[in-house]
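J.: One structure, as structure tokens, below. Some questions next.
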Amino acid sequence: MRKNHVKGQLQQGQPSLGAWLSLSSPAAARVMARLGFDWLLVDMEHSPQNPVLMAELVAIIADAGTSAPFVRIPSHNVEWFKWSLDAGAWGVVVPMVNTRAEAEQAVEWSKYAPAGSRSFGGAYAPYGFGISDRSEYARKANDEIAVIIQIESKQALENLDDILSVPGIDAAFVGPNDLRLQLGLPPSNEGGEPEFVNALALVQETARKHHVAAGIMSSNGSTTLDRLKEGYQMICVTSDINSMVAAATQNLQIAHGK
């Protein structure tokens with residue numbers, strides 16, 4: 001059974017660089033899965049995906065053998081945890097985790113007993129890790145599945161110590177756009193406003209205290225370098241749609257002599 005290299009990177013304090021898949025496109029996933037990202041995330045929260053398409057994208061990423069397939073679930077609903085992990089995902093990203101109870105629930109639904117209450121039954125889950133033996137998968141899955149929670153609200157900041165002290169959390173991933181909105185700021189992945197900078201510092205400090213990796217969205221490779229220098233480990237470098245738009249715009253401008 002393949003090891004989840006992203007969990008290893010996070011545990012060892014190494015950077016782990018990935019990309020968001022926002023396009024509902026197996027073709028785009030096939031291309032992105034061969035570019036060398038440590039992980040790729042199928043976004044179910046803000047993209048028009050469905051469980052069947054999500055499972056196909058997870059399989060494409062896993063079969064390429066380079067990037068770890070993650071799924072951002074669209075809501076705190078046990079079915080989405082089941083569908084994502086039973087499709088072979090190596091982990092889930094859970095949006096808007098605002099309380100300790102929600103963090104505990106995310107871990108519980110991601111782990112088999114005795115660590116959690118995940119139901120056993122998905123035929124394709126082992127395939128994501130390169131095996132077909134369901135019994136072997138059941139024995140090892142708890143050690144390989146990553147649980148990544150998103151910190152993106154004022155309530156989460158207020159409960160941060162309680163949230164990140166929950167056993168089984170692998171990363172606290174900042175959602176900067178929603179966090180900034182809740183702080184009364186315009187949406188952006190970056191920004192130097194004191195309240196935003198202080199919120200990010202609190203996340204990093206609390207994450208270090210509880211030996212949880214800190215993660216964040218970034219706009220591009222340049223801002224990713226800045227975040228790495230700040231100590232973030234798990235960083236989204238780009239998305240499929242943003243990369244397409246940026247490259248197409250740049251080439252059109254060049255063609256126009258701009």
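FYI, it's all coordinate maths here, none of it is from the lab. Everything numeric here is computed off the predicted structure, so don't read it as measured data. Counting neighbours? That spans all protein chains shown, and the Cβs are built from the backbone with ideal geometry, glycine included.
J.: Distance between Cα centroids, region 107-145 to region 32-50: provide it in whole Å.
T.: Cα centroid of region 107-145 versus Cα centroid of region 32-50: 21 Å apart.
J.: May I pose another question? Please order LEU200, LEU185 by the number of other Cβ within 10 Å, starting at the fewest.
T.: On the way: LEU200 20, LEU185 16.
Taking fewest neighbouring Cβ atoms as first place, the list is LEU185, LEU200.
J.: Right, next: Provide the per-residue ³J(HN,Hα) series for region 89-100, in order, calculated from phi with Karplus coefficients 6.51, -1.76, 1.60 and θ = phi - 60°, each as a whole number of Hz, with x at glycine and proline positions.
T.: 4, 8, x, 10, 10, 10, x, 6, 8, 10, 9, 4
J.: With a ≥ b ≥ c taken as the square roots of the eigenvalues of the C-alpha gyration tensor of the chain, please select rounded if a/c is under 1.5 and otherwise prolate if a/b is larger than b/c or oblate if it is not? Write down the numbers at each step before the final one.
T.: Values: a/c = 1.78, a/b = 1.13, b/c = 1.58.
Oblate.
J.: Please find, in a Gaussian network model of the chain (springs between Cα atoms separated by less than 10 Å), the residue of ALA199, ALA101, ALA89 whose mean-square fluctuation is greatest.
T.: Between ALA199, ALA101, ALA89, it is ALA101 that shows the largest mean-square fluctuation.
J.: Grab the DSSP H runs of the chain that are 4 residues or longer, score each as -39,500 (n - 2.57), total them, divide by all residues and round the 222 nm result to the nearest 500 deg cm²/dmol. Numbers along the way, then the final one.
T.: Values: 12 runs with 118 residues, N = 258.
Calculated mean residue ellipticity at 222 nm is -13500 deg cm²/dmol.
J.: Moving on to the next point. Can you give the relative contact order of region 132-203 as a percent, counting alpha carbon pairs under 8 Å and 6+ residues apart?
T.: Details: 63 pairs, mean separation 21.0, N = 72.
Computed value for region 132-203: 29 percent relative contact order.
J.: Determine the relative contact order of region 33-177: mean sequence separation of Cα pairs under 8 Å and six or more apart, normalised by residue count, in whole percent. Could you put the intermediate results ahead of the total?
T.: Details: 280 pairs, mean separation 31.7, N = 145.
Once divided by the residue count of region 33-177, the mean separation gives 22 percent.
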